[in-house]
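Student: First, the structure itself, so that you have it in front of you.
The values are calculated or read from the model by the stated rules, or taken from the named source; none is laboratory data. Note that this is a predicted model, so its numbers are computed, not measured. Glycine gets a Cβ as well: all are built from the backbone with ideal geometry, and neighbour counts include every protein chain shown.
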Amino acid sequence: MIRWTYVSAALLLAVPAIGQVPDTSANDTLPEHYGWWARTSRSSGLILSSGKTYNRVEGLPVLFGPVFHDSVGAAQVNASVLGIIRSANTFHWDNQNLGHRATADVRVGRGRGYGLGLSSYDVMAPIEGWHLPDPDAGLAAFFGHRDFRDWYNRHGGMATASFNMSARSSLSLDFSDERWASPDTRRVFSVFGNGKAWRTNPTFDAGRFHIGVLRANVDTRNDPDNPSTGWLIQAEYEHGIGDITDFGLTSPIARTPTTPHVSYGRGLLDLRRYNRLSPTTWINGRLVLGGWLNGDDLPLQRRFSVGGVGTVPGFDFRKYEGPVDVSQCSDGVIIPAGSPAQCERVALAQLEYRQELHSSLLDFLNARPIRLRGIGFTVQPTIVAFVDAGRGWLVGQPSGTLQYSSHSFPRFGTFRTDVGLGLDLGIIGVYVAKAVSSSKEPANVFLRVHRLF
Amino acid sequence: MFASTLLAVASPVAAQKTRLEVLAPPGNAWGDEPPSVVSSGLLADAAMRDLLANGFPARLHYRLERWQSGRWFDDLKAAAEWDVVMKYDVLGKKYQVVRLINNKPQSLGEYGEVADAENAVEGPYRVDISLPKKGARGYYNLLLDVETLSLSDLDEVNRWLRGELKPAVSGKKNPGTAIGRGVRTLIVRLLGGEKRHYEARTGTFRP
């Protein structure tokens, strides 16, 4: 038996590639030569833009307003004041459908340098954005009526300071003061399955929080879109202090009764390594570790899960698989509506082997671009074999295989594991994944645009 | 299901064949001279020509990598990046072509005809990249991204209204076609169709 899941891909406008290379004879220079390209592509004025996402609580957010870009000596100055109207409920004029994003930032130095920024926002933010890239998640919702994220509202302000080690590597510190609220699922169009009920957006914690985030981003990949070699390391530590006015719904096991005032520490590490084995073969790996580090229980917005096309695709997204739910960390008895992520820690390992096809039946696709409205897409058929293993767990008094002490790590035998195969055509890939740790799980077929990770 | 949507709107048309090559140095002297890069047909399609004629510059970002074959993993030993920008000067009615290396622009000329400008863009170019050591097996890999200046959604909406929807509303075009084209525009943008990616490789050599 085979089940279909859907997905996704590249809402973002094309971003000029900026490479980082050893022994380079010439770096990417064009973004610095404003007279010919960057200046004209980043002109000040009014803009109308999508929010680069699509989901079941806001549909398509449409941003409109003035933007300003200028340079003063070595400093680049950017500012924008954008109003947001959301397409949910046919652009109905109400609180949940209106928002804003206003930013002002200065960046000194191109490549190595530093930056300072201020922002004010009233936006919908994803829970667990690390599962899937924004475009994948957005297109899965738009085409397939599958929203692989949950959402909450962030309304507040943020100050940011960053030190840029290169064009794509940085160390930054954010401090924000914001209110969190839990939006409802709304009437949102989808190409297929339109009219069917969406998965309920879970009820999350509501309240006011002061949050500090220290974030490091190291990117040595030779190409950010199609990397063949290099590291991508994203690490962050978040310390939050806040008062919860309305608690989100959890399984009883997932949260001990707590006072409304919380202070927590949370870490997340997403580490990826890309290796070329030969001109046409690659082996790439990804390791994600995240979870509670200190203080009170994590708010529901900051918890974890695995399962679904972005993590362990052999298992359905947010589906309870008993008897011990190591995907969402529910107790299996009381599962809140929408089955939110409730784990306090998570571990995920992914490995993929890629083999570019040559002189094959599919090679005819490379003869000319596939054309959509006059725009050609080139096709690079590549066979992909992959394995994944991951699970989440709770932190506390050790109990069975769901809750572990803060210094323990679950046995590998308790992980969700799968294997899979796919054909990546460059613009879209078709994959099939089969759960290994649960042999009764049927295979899942899914689509992704660009790479798995 | 999404794939079927994609196929439903895809309409392959005859196109000039695109060619991108990394040429071996004369006499296959890999250890003595760098290779050259040559291409054709990259800017030949109607959509690209239309954008160029309306003053939107085209950018070709090249990256030539030199890899050394290893026992387990291949190593990236060197890379050279450069850009070629082609822009139509509406007032002067000339196509300007510039190559940018290390932030230094180098004019490749001004041309009255688009074909001449394309020849300047795509002609052979010997890349300034460090040479491999004698006896080290390796290969060159060329990555090319071709894009026109990113239009904002507002520009795109204006273009759509001007070019497709307005004639439809005034009865000169089928409204269904206009809306269909709008949906296709959306899908193209969702798929990142403003940037085309090409790759070319040499065979493995030992200088």
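Student: Only one of these is at pLDDT below 85 and more than 10 Å from chain A (Cβ to nearest Cβ): B:N28, B:N54. Name it.
Tutor: One residue alone meets the criteria, B:N54.
Student: Oh, and also: Provide a single number: the residues in the range A:184-202 that are under 18 Å from A:L249 (Cβ atoms), surrounded by fewer than 21 Cβ atoms within 10 Å (Cβ to Cβ) and in contact with a strand residue (DSSP E or B) (Cβ under 8 Å, 6 or more places away or on another chain).
Tutor: The qualifying residues number 0.
Student: While we're on this one: Listed residues A:D331, A:D297; which is free of Cβ contacts under 8 Å to residues at least 60 places away in the same chain, among the acidic types (D, E), assigned to a loop (DSSP other than H, G, I, E, B) and over 16 Å from A:L132 (Cα atoms)?
Tutor: A:D297
Student: Filter the range A:260-277 down to the residues that are among the small types (G, A, S) and farther than 23 Å from A:F247 by Cβ and list them by number.
Tutor: Correct list: A:G267 only.
Student: Further question: Among the residues of the range A:98-118, is any within 30 Å of A:F317 (Cα to Cα), of a type in the set (V, I, T) and at pLDDT 90 or above?
Tutor: No, there is no match, as no residue in the range A:98-118 is within 30 Å of A:F317 (Cα to Cα), of a type in the set (V, I, T) and at pLDDT 90 or above.
Student: Something else now. Being assigned to a strand (DSSP E or B) and either over 25 Å from A:I211 (Cβ atoms) or touching a residue at least 60 places away in the same chain (Cβ under 8 Å) (or both) is true for just one of A:V288, A:V324. Which residue is that?
Tutor: A:V288
Student: Here is a further query. Under the condition of being within 17 Å of the chain's Cα centre (by Cα) and within 30 Å of B:L142 (Cβ to Cβ), which residue from the range A:220-244 is surrounded by the most Cβ atoms within 10 Å (Cβ to Cβ)?
Tutor: For the range A:220-244, the residue satisfying everything is A:L232.
Student: Take A:L277 and tell me if it is more than 14 Å from every other protein chain (Cβ to nearest Cβ) and not β-branched (V, I, T).
Tutor: No: the conditions fail for A:L277.
Student: From the residues in the range A:137-172 that are part of a strand (DSSP E or B) and in contact with a Pro (Cβ under 8 Å, 6 or more places away or on another chain), which one is surrounded by the fewest Cβ atoms within 10 Å (Cβ to Cβ)?
Tutor: Among residues in the range A:137-172 that are part of a strand (DSSP E or B) and in contact with a Pro (Cβ under 8 Å, 6 or more places away or on another chain), the one surrounded by the fewest Cβ atoms within 10 Å (Cβ to Cβ) is A:N153.
Student: Then there is this: In the range A:424-446, how many are in contact (Cβ under 8 Å) with a residue 60 or more places away in the chain, more than 23 Å from A:Q328 (Cα to Cα) and hydrophobic (A, V, I, L, M, F, W, C)?
Tutor: So the count comes out to 2.
Student: Separate question: Before we move on, is A:W93 assigned to a strand (DSSP E or B) and either of a type in the set (D, E) or more than 30 Å from A:F315 (Cα to Cα) (or both)?
Tutor: No: the conditions fail for A:W93.
Student: If you scan the range A:184-207, which residues turn out to be closer than 16 Å to A:V123 by Cβ and modelled with pLDDT of 95 or more?
Tutor: A:N201, A:F204, A:A206 - these are the residues of the range A:184-207 that are closer than 16 Å to A:V123 by Cβ and modelled with pLDDT of 95 or more.
Student: So, in the range B:88-136, how many residues would count as being within 16 Å of the chain's Cα centre (by Cα), more than 14 Å from every other protein chain (Cβ to nearest Cβ) and over 24 Å from B:K77 (Cβ atoms)?
Tutor: Residues meeting the conditions: 8.
Student: Starting from residues that are under 22 Å from the mean Cα position of the chain (by Cα), on the phi < 0 side of the Ramachandran plot and part of a loop (DSSP other than H, G, I, E, B), keep the ones in the range A:41-86 and report whichever is farthest from the other protein chains (Cβ to nearest Cβ).
Tutor: A:V57
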